[in-house]
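What follows draws every value from the coordinates through simple rules; no lab data is involved. Not measured: the values here are computed from a predicted model. Cβ: placed from backbone, ideal geometry, glycine included. Neighbour counts: every protein chain shown.
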Amino acid sequence: MEWVYDDGGRSGYYRAESVGDCVCRAVAIATGKDYKEVYDDINELAKSERTGKRKRGTSSARDGVYKDTIRKLMAGYGWEWVPTMQVGQGCRVHMRADELPSGPLVVSLSKHCTAVLDGVCHDTYDPSRGGGRCVYGYFRPPHPKPKPAPTMGHIEFVEALGAVREDFEAGLMSEREFGQQCERLAHERSGRPYRKERR
């Protein structure tokens, strides 16, 4: 996999380089959001985290983010999680361009997150291990919703209905066909799909 150096915009705000900000960096790169915006969003979510015997600290945009907080962050941005490795299944997807989908991705690796844009890794170092590193899953932007079918304007509807009526009055269609055509036009005007009645 091709790799290019990219700090996600960190150098525009901070001078430190040896930091554990891989989540903030990857998210900023993949989403196109400002580094500081993502940084602040992570730290804001960290305020609601609970600590315990197994979890002593909380997430930090600078030093590391827990998985649950990463998922909350990405869900808030409207991105969806796609797991690629299940318990007992072994590694099926690696850091290879031909094994990951196109588009912007926030890829989850062992103790690391990185951004992959159309098969190119954007990070401060190459985390692919020659294409052999296992991918646990990735976040991707939501698929665009299909556009609703265009509805028929009032004038167009009146003209089409008049043409159907003329054909009916001229004896070019039966009363049943006339009713079906009127129903079809009504559905097209409202944007609802028309299903022809079967008999």
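Could you give the angle, 0 to 90 degrees to the nearest 10, between helix 22-31's Cα long axis and the longest principal axis of the Cα atoms of the chain? Computed tilt is about 20 degrees.
Relative contact order, percent, of the chain when contacts are C-alpha pairs under 8 Å separated by at least 6 residues?
Numbers: 292 pairs, mean separation 42.8, N = 199.
This gives 21 percent for the chain.
Applied to the stretch 85-93, the Karplus parametrisation 6.51 cos²θ - 1.76 cosθ + 1.60 on θ = phi - 60° returns per-residue 3J(HN,Hα) values of 9, 10, 4, x, 8, x, 7, 10, 10 Hz, with x for Gly and Pro.
Subtracting the Cα-Cα distance of residue 48 and residue 36 from 0.36 nm times their residue separation leaves 2.4 nm of extension gain.
With angles folded into 0 to 90 degrees, how steeply does helix 154-169 sit against the dominant principal axis of the chain? Use alpha carbons for both and round to 10. In the chain, helix 154-169 runs at an angle near 40 degrees to the longest axis.
Of the residues 70, 4, 104, the one whose Cα sits farthest toward the positive end of the charge dipole of the chain, with +1 on the Cβ of Lys and Arg and -1 on the Cβ of Asp and Glu, is 70.
Arranged from fewest to most other beta-carbon atoms within 10 Å of their beta carbon, 53, 33 become 53, 33. Exposed loop positions in the chain were taken to be GluC sites (Glu not before Pro) whose DSSP state is not H, G, I, E or B and which have at most 13 other beta-carbon atoms within 10 angstrom. Between these positions, the longest stretch is 18-196. Quick check on the stretch 1-152: take the gyration tensor over C-alpha atoms, sort the square-rooted eigenvalues as a ≥ b ≥ c, and tell me if it's rounded (a/c under 1.5), prolate or oblate. The shape class here is rounded.
Applying the criteria of a DSSP loop state and at most 14 other Cβ atoms within 10 Å to the trypsin sites (Lys or Arg not before Pro) of the stretch 62-151 yields 92, 111, 129.
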